[in-house]
Amino acid sequence: MIKMNPYNIIKNPLATEKAVRIMESENKLVFIVDRKANKLEIREAIETLFNVKVDNVNSLILKNGRKKVYATLNKDYKALDIATKLGLM
């Protein structure tokens, strides 16, 4: 299997009101990702790009065909700090 480039897996972060609320309360980051990427590839891409430890990845396919991911960060890392670095906050 060919490994995908992390920059090709993570398309963009989401900064909706719900996503920000989840960042604050549940320490999760929300991304739109490549639809072909599996959870392991997504976890590795997030850990590589943002230098964090991901505990869990939940994904869903939206009605428009895009794939949305909720990545739960380890308690040692803060989702809001990553969002600030990305310019979402």
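Only the coordinates and a few stated rules stand behind these numbers; no lab work does. On a predicted model such as this, the values are computed, not experimentally measured, just so you know.
Summary table below
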| read-out | value |
| --- | --- |
| Restraint check, K18/K75; K36/K78; K3/K53, Cα-Cα greater than 25 Å | K36/K78 |
| Extension gain (nm, one decimal) between K11 and N74, 0.36 nm per residue minus Cα-Cα | 20.5 nm |
| Contour minus Cα-Cα distance for R35 and I61 (0.36 nm per residue) | 8.6 nm |
| Cα shape, segment 6-86, gyration tensor, a/c 1.5 rule | oblate |
